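A.B. asks: Pasting in a structure now, in structure tokens, and then I'll have a few things to ask.
The values are calculated or read from the model by the stated rules, or taken from the named source; none is laboratory data. Computed from a predicted structure; not experimentally measured. Neighbour counts run over all protein chains shown; Cβ positions are idealised from the backbone, glycine included. These area figures cover heavy atoms from the full protein model, side chains too; ligands, DNA and RNA do not enter into them. Shrake-Rupley method; radii C 1.70, N 1.55, O 1.52, S 1.80 Å.
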Amino acid sequence: MKNIILAITGGIAAYKSAFFARLLIKNGYNVRVIMTDGAKAFITPLTLQALTGNQVHTELLDETAELGMGHIELAKWADLLIVAPATANTIAKLAMGVADDLLSTVCLATTVPILVAPAMNQQMWQHPSVKLNLQTLRDYDYEVIQPASGMQACGDVGEGRLPEPEYLLEYVEYFIARHTTPQLLAGKNVTITAGATVEAIDPVRFLSNHSTGKMGFALAKACRNAGANVTLIAGGKVHLPTPLFVHRFDVLSAEDMLKVAKDCANGLALPCCDDEEHDHKHHHHDHNEFGNDIEVEPISTATDIFIATAAVADYRTRDVVPQKIKKTQDEMSLDLVKNPDVLATIAKEFPEIFVVGFAAETQDVEKYAKGKLESKKLNMIACNDVSRSDIGFGSDDNAMTVFFNNKNEPVVLEKMSKEKIAEQLVELIGVELGKKFTFVKP
Ligand SMILES: Cc1cc2nc3c(=O)[nH]c(=O)nc-3n(C[C@H](O)[C@H](O)[C@H](O)COP(=O)(O)O)c2cc1C
């Protein structure tokens, strides 16, 4: 899905579309731009033409335009169409099926997915007609991107801002992934631990390890793309951005991580979340006889699949020293006690959860991995040899051997990017769960 129509309408946020077009091009997409007359009042077609390398499409009833790439050819050329920014006016037209300009006509004439990124003054955004029109668009399977809130160009503060171009790009990539990935984990609640735990020694020092969380975050994306509701529990040293529509808890110690993991397993860790998209997944809405939206039994958020990629510290100091330790002695030793085993505890206390472990070993990888699989009662364990300098901690690549509790033959995943490894692991999990392999056509 590389051919994108960027449709720009006449809102003040149209200036952001130039940056967005540039980002799309930089990321390898072919971009054709449609502009309404309104859009041309805010930004010139010449700018978009220069940025995309393609002539901008503006006219519907124009002989020369139709001789080039006419409205039907445009509609067929695209793999995806995104209206950004989408004015209240254009949203209303799309909801009503009006086709009085190129943009609205192409939207009717195309079969490809359409994303709409509304942007308008916060008062306009709150108007019931806008809400109703957007609901109509959702009913027609348009994807509506929730606007951001904050200071608006008109001076108001509130909801209705066009999200930043980087966010729009991430959204497009997520949307394409969702439409091209087999939905093997549809509706499953997946909890993933990632990164290193941090065990305090005193107020300024800690024990930790080299795990960065990259593998866990890649898995979070892959699970999300496969249709899962994903919660990440990130250790204290993770400095990675949270993937779109993934819920995140940040924890420090192994004990904290276990507590949050248990809450997730029990369905008690409802992340505070203000995006509607997520809310819709967990709260089942229905209509009563008056057509009003009523909320029925919330769908369970309890973990179905637990994936433990975090490098949890095996030991912590017996007591955290309340004041900074002074450099008075030539030698000192730390008194350590064993930490709880997050993975084994979840596997033991929640036998109904499908549990996937990770093992990073520096020697006898297979022996240790099989040992952990059995002793911790896991369904699957993916292990890598971190003594290899080209993969593992901090690296963008990984290679793994995956062992299963119900079969002898392991699966070997040769060196590839952590994203690709994550996709392969999700497939293995999906197959294990006995899900039918269903492709959602783009
Ligand atoms: C300065 C200015 C800023 C505007 N900003 C927006 C906006 O952000 N969102 C919106 O829905 N309409 C906005 N409008 C109103 C639209 O330009 C107007 O509804 C126009 O008919 C939209 O046409 P189009 O949807 O065909 O592009 C603005 C108008 C002006 C004069």
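A.B. asks: Treating the beta-carbon of each Lys and Arg as +1 and of each Asp and Glu as -1, no other charges, what is the dipole magnitude of the chain about its Cα centre, to the nearest 20 debye?
C.D. replies: Charge dipole, the chain, about its Cα centre: 1000 debye, nearest 20.
A.B. asks: Something else now. Which residue fluctuates the most in the chain, going by a Gaussian network model with Cα springs under 10 Å, if the choices are LYS338, LYS348, LYS420?
C.D. replies: LYS338
A.B. asks: Oh, and also: Using the Karplus curve 6.51 cos²θ - 1.76 cosθ + 1.60 with θ = phi - 60°, what ³J(HN,Hα) values do you get for each residue of region 398-415, in whole Hz, with x for Gly and Pro?
C.D. replies: 8, 9, 9, 10, 10, 10, 10, 6, 10, 8, 7, 6, x, 10, 9, 10, 5, 4
A.B. asks: Moving on to the next point. So what's the net charge close to VAL355: Lys and Arg +1, Asp and Glu -1, counting the other residues with Cβ under 9 Å from its Cβ?
C.D. replies: Overall, the nearby charge balance is +2.
A.B. asks: A further question follows. Local charge sum around ASP202 (other residues, Cβ-Cβ under 15 Å, Lys/Arg +1, Asp/Glu -1)?
C.D. replies: Within the 15 Å Cβ shell, the charges total +3.
A.B. asks: Helix-only estimate, please: 222 nm mean residue ellipticity of the chain, summing -39500 (n - 2.57) across DSSP H runs of length 4 or more and dividing by its residues, to the nearest 500.
C.D. replies: Working: 16 runs with 152 residues, N = 442.
The helix-only estimate for the chain comes to -10000 deg cm²/dmol at 222 nm.
A.B. asks: Could you check which residue among PRO243, PRO351, PRO147 shows the biggest mean-square fluctuation in a GNM of the chain with a 10 Å Cα cutoff?
C.D. replies: Evaluated over the chain, the most mobile residue of the options is PRO351.
A.B. asks: Could you check which residue among THR193, THR47, THR87 shows the biggest mean-square fluctuation in a GNM of the chain with a 10 Å Cα cutoff?
C.D. replies: THR47
A.B. asks: Let me know the charge dipole size of region 3-177 about its Cα centre in debye, to the nearest 20, where only the beta-carbon of Lys, Arg (+1) and Asp, Glu (-1) is charged.
C.D. replies: 300 debye
A.B. asks: Mind checking which aspartates and glutamates have their Cα closer than 20 Å to the Cα of LYS324? Skip sequence neighbours fewer than 8 apart in that chain.
C.D. replies: Filter leaves GLU199, ASP202, ASP335.
A.B. asks: Listed here are the pairs LYS26/LYS415; LYS188/LYS262; LYS2/LYS237; LYS348/LYS372; LYS188/LYS415; LYS221/LYS348; which of them are more than 25 Å apart at the Cα? It would help to have the intermediate numbers written out before the result.
C.D. replies: On the way: LYS26/LYS415 27 Å; LYS188/LYS262 17 Å; LYS2/LYS237 36 Å; LYS348/LYS372 13 Å; LYS188/LYS415 28 Å; LYS221/LYS348 27 Å.
Result: LYS26/LYS415; LYS2/LYS237; LYS188/LYS415; LYS221/LYS348 exceed 25 Å.
A.B. asks: Per residue, how much accessible area does the chain have with a 1.4 Å probe, in Å²?
C.D. replies: Roughly 50 Å² per residue, with all protein chains present.
A.B. asks: Looking only at the chain, where both bridge partners belong to it, what percent of the DSSP beta bridges are antiparallel (to the nearest 5)? Intermediate values should be presented prior to the final figure.
C.D. replies: Details: 21 of 63 bridges.
Once the DSSP bridges in the chain are tallied, antiparallel ones form about 35 percent.
A.B. asks: At 1.4 Å probe size, with the rest of the protein present, what percent of the exposed accessible area of the chain is carbon and sulfur atoms?
C.D. replies: 51 percent
A.B. asks: Would you mind telling me the antiparallel percentage of the DSSP bridges in region 3-177, rounded to 5?
C.D. replies: Just about 20 percent of them are antiparallel.
A.B. asks: While we're here: For region 3-177, with the dipole built from +1 on Lys and Arg beta-carbon atoms and -1 on Asp and Glu ones, taken about the Cα centre, which of GLY10, GLY28, GLY150 lies farthest toward the positive end?
C.D. replies: Value computed over the given set: GLY150.
A.B. asks: Then there's this: Considering only GLY187, ALA360, ILE72, whose Cα is most displaced toward the positive end of the charge dipole of the chain, charges sitting on Cβ of Lys, Arg (+1) and Asp, Glu (-1)?
C.D. replies: It is ALA360.
A.B. asks: Return the percentage of antiparallel bridges among DSSP beta bridges fully within region 146-275, rounded to the nearest 5 %.
C.D. replies: If we restrict to bridges inside region 146-275, about 40 percent are antiparallel.
A.B. asks: If you don't mind, another one. What does the convex hull of the Cα atoms come to per residue for the chain, in Å³?
C.D. replies: Normalising the Cα hull of the chain by residue number yields 194 Å³.
A.B. asks: Another question about this same structure. With +1 on each Lys and Arg Cβ and -1 on each Asp and Glu Cβ, how big is the dipole of region 144-245 about its Cα centre, in debye rounded to the nearest 20? Mind showing how you got there, number by number?
C.D. replies: On the way: 8 positive and 8 negative charges, 86 e Å.
The calculated dipole for region 144-245 is roughly 420 debye.
A.B. asks: Between rounded, prolate and oblate, where does region 61-144 land on the alpha carbon gyration tensor, with a ≥ b ≥ c its root eigenvalues, rounded for a/c under 1.5, else prolate if a/b exceeds b/c? Intermediate results must be reported in sequence, preceding the final value.
C.D. replies: Numbers: a/c = 2.39, a/b = 1.87, b/c = 1.28.
Judged from the Cα gyration tensor, region 61-144 comes out prolate (a/c at least 1.5, a/b above b/c).
A.B. asks: Give the range of the longest stretch in the chain that excludes all GluC sites (Glu not before Pro) found in loop regions by DSSP and having at most 12 other beta-carbon atoms within 10 Å.
C.D. replies: 1-288
A.B. asks: What is the sum of charges around VAL31, taking Lys and Arg as +1, Asp and Glu as -1, for the other residues whose C-beta is under 15 Å from the C-beta of VAL31?
C.D. replies: +3
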